[in-house]
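I have placed the structure first, in the form of structure tokens, so that the comments after it can refer back to it.
The values are calculated or read from the model by the stated rules, or taken from the named source; none is laboratory data. Worth saying up front: this structure is predicted, and the values here are computed from it rather than measured. Note that each Cβ is placed from the backbone with ideal geometry, even for glycine, and that neighbours are counted across all protein chains shown. These accessible areas exclude ligands, DNA and RNA; they are computed on the full protein's heavy atoms, side chains included. Shrake-Rupley method; radii C 1.70, N 1.55, O 1.52, S 1.80 Å.
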Amino acid sequence: MKYANEIFFLVFALILWGLLYGSRFILTTDKTSQPKKLWLTALTLTATSFTLFALASTISLSLLTLANTCFVASFIYFGLFCRSLSISIPKNVNILVLAGLLAFAVLFEYLRQRGLFIQRVGLISLIGAACFIWELKELRRLKGIGFTQLRFLVYTIAVELVLTAARLLALYIDGGLSTPSLYQEGVVSASIRWAWLGISILSYVAVLGYWLEKLSIENNQVARENEKITELLKEKERLIFGLLKANKTAATGALSASIAHELNQPLGASNLNIQFLKMKLEKGVLNPELGKEILDSLEQDNKRAATIVKSLRSIFTEGESNSQEVQLGDLIAKVLDIVKPELKSKNIQIQLRVDDDLVIKVNSAEIEQVILNLLNNAIQALANSGTLQRRMAIEAIGDGKSVQLSVSDNGPGVLGDFKSQLFELLSTTKQTGMGLGLWLCKHIVTRYGGSIQYEDAAGGGARFVIKLPQAY
């Protein structure tokens, strides 16, 4: 058939163009990948060269120079692709490749016009063999090739290398010295050539299979990672549920402990009054005025206990705090009335400085508990200190935006190692303490947008400072 070679070249070119078109979805998944760009370049050059081979006999034989230059360029870029699988290719390599291709084009055109066909085939075969050996060497860099398609690629390149040498030998045996051109090549050498070009197409198919295999492995890894993430999210949900359950349990326990802690004082005062009342009754010396005074005191302690329970329940249930505007000085005075017997019995002097018109919007019962806790802590610290001149200072000042209330004493203060844990739940330095008082103080104060902190008092002792927003 007259145009058999041209038809074969055109069919192979269409296969390669189809391969290039069909692989575009893989290439677009990673546009910055250097190996993909090099493989794409090599495939485009091979498809272009086959197209030119198909057209050269009918348009102009000078196209053979361009076709063979593209063909040789495809060898080089395929080799660069193999190298890029293990080592990054510098950008200036393209300049060297273009310079080499230009020199090849000049030499090939010279041989096309003045040389023999076997000389041109020998030149291309020599370059092709060198590139195939280079490609095999680069693929061997990938120790323990884990991809099936890359192992298949090694075999196709090895076959290409053998067929390149076989074609040159067959061309010589077929009378290559007298063969005028590609289109009049002998049957044996031409058959080997078509086998060689067919194997080269398989090499491109192997690389395309490699991309698909790699993509499949990555998808499987992503799927496994997604499964792990899903399991972690489920575990997170289980942990959150457990924490919420534990937090509810902890809050219930803290509420119970706090109620018990805060009720100690009114119940203790009630017990003292009851014992005193029983003693007077047994001696028969109880007069109406004293009885009324004791009963009034018992009633007051009972109301205070009920208020404590109610306020603590509101704190832990995050319900309405029943805030209202109150004078801070009135709250301080009310708490001082409660602790006055303790102060007197333990010989503690009070220094009081409270600015007028310090108004805060709070639940008065809650802030009373805060002040009472701080005063009780100071009283206990002074009682256990052995200090002869026991002093406590209460100071309340305002700056128009906030009020600052401080309670200080000249007791032993707080040990340095314990300062950072003062306001933590169940943290205490007292032998009989529960570690609830200061934690509860902070919990209440922060509910109203305030803060509480500890400072060493000037001259020794402890100083607690509370800041709360001023109502106006």
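Please find, among 110, 77, the residue that is out of contact with any helix residue (DSSP H, G or I) (no Cβ under 9 Å at 6 or more places or on another chain) and among the aromatic types (Phe, Trp, Tyr). On inspection, the qualifying residue turns out to be 110. All conditions but one from (1) open to solvent by 90 Å² or more (accessible area, probe 1.4 Å); (2) at pLDDT 85 or above; (3) touching a helix residue (DSSP H, G or I) at 6+ places or on another chain (Cβ under 8 Å); (4) among the aromatic types (Phe, Trp, Tyr) apply to residue 152; the one that does not is (1). Reported count of residues in the range 388-410, each being touching a strand residue (DSSP E or B) at 6+ places or on another chain (Cβ under 9 Å) and modelled with pLDDT under 85, is 1.
Tell me yes or no: at least one residue of the range 32-50 is in a loop (DSSP other than H, G, I, E, B), open to solvent by 40 Å² or more (accessible area, probe 1.4 Å) and at pLDDT below 90. Among the residues of the range 32-50, at least one is in a loop (DSSP other than H, G, I, E, B), open to solvent by 40 Å² or more (accessible area, probe 1.4 Å) and at pLDDT below 90, which makes the answer yes.
Pairs are defined by a Cβ separation below 6 Å, a sequence spacing of at least 6 or placement on different chains, a first member in the range 344-360 that is open to solvent by 50 Å² or more (accessible area, probe 1.4 Å), and a second member that is among the β-branched types (Val, Ile, Thr) and in a strand (DSSP E or B); the pairs so defined are 352/394; 355/397. With respect to residue 425, determine if the residue is of a type outside the set (Gly, Ala, Ser), open to solvent by 20 Å² or more (accessible area, probe 1.4 Å), at pLDDT below 85 and within 38 Å of the chain's Cα centre (by Cα). When the stated conditions are applied, residue 425 passes them.
Regarding residue 19, is this residue open to solvent by 20 Å² or more (accessible area, probe 1.4 Å) and part of a helix (DSSP H, G or I)? Judged against the criteria, residue 19 is a match. If the condition is being in a helix (DSSP H, G or I) and open to solvent by 10 Å² or more (accessible area, probe 1.4 Å), then the range 361-371 contributes 364, 365, 368, 369. In a residue-by-residue description of the range 52-67, the property of being in a helix (DSSP H, G or I), open to solvent by 20 Å² or more (accessible area, probe 1.4 Å), modelled with pLDDT of 90 or more and of a type in the set (Ser, Thr, Tyr) applies to no position. Can you spot a residue in the range 189-200 that is over 59 Å from the mean Cα position of the chain (by Cα), under 30 Å from residue 62 (Cβ atoms) and either loosely packed, with under 14 Cβ neighbours inside 10 Å or without any contact (Cβ under 8 Å) to a residue 60 or more places away in the chain (or both)? Yes, some residue in the range 189-200 is over 59 Å from the mean Cα position of the chain (by Cα), under 30 Å from residue 62 (Cβ atoms) and either loosely packed, with under 14 Cβ neighbours inside 10 Å or without any contact (Cβ under 8 Å) to a residue 60 or more places away in the chain (or both).
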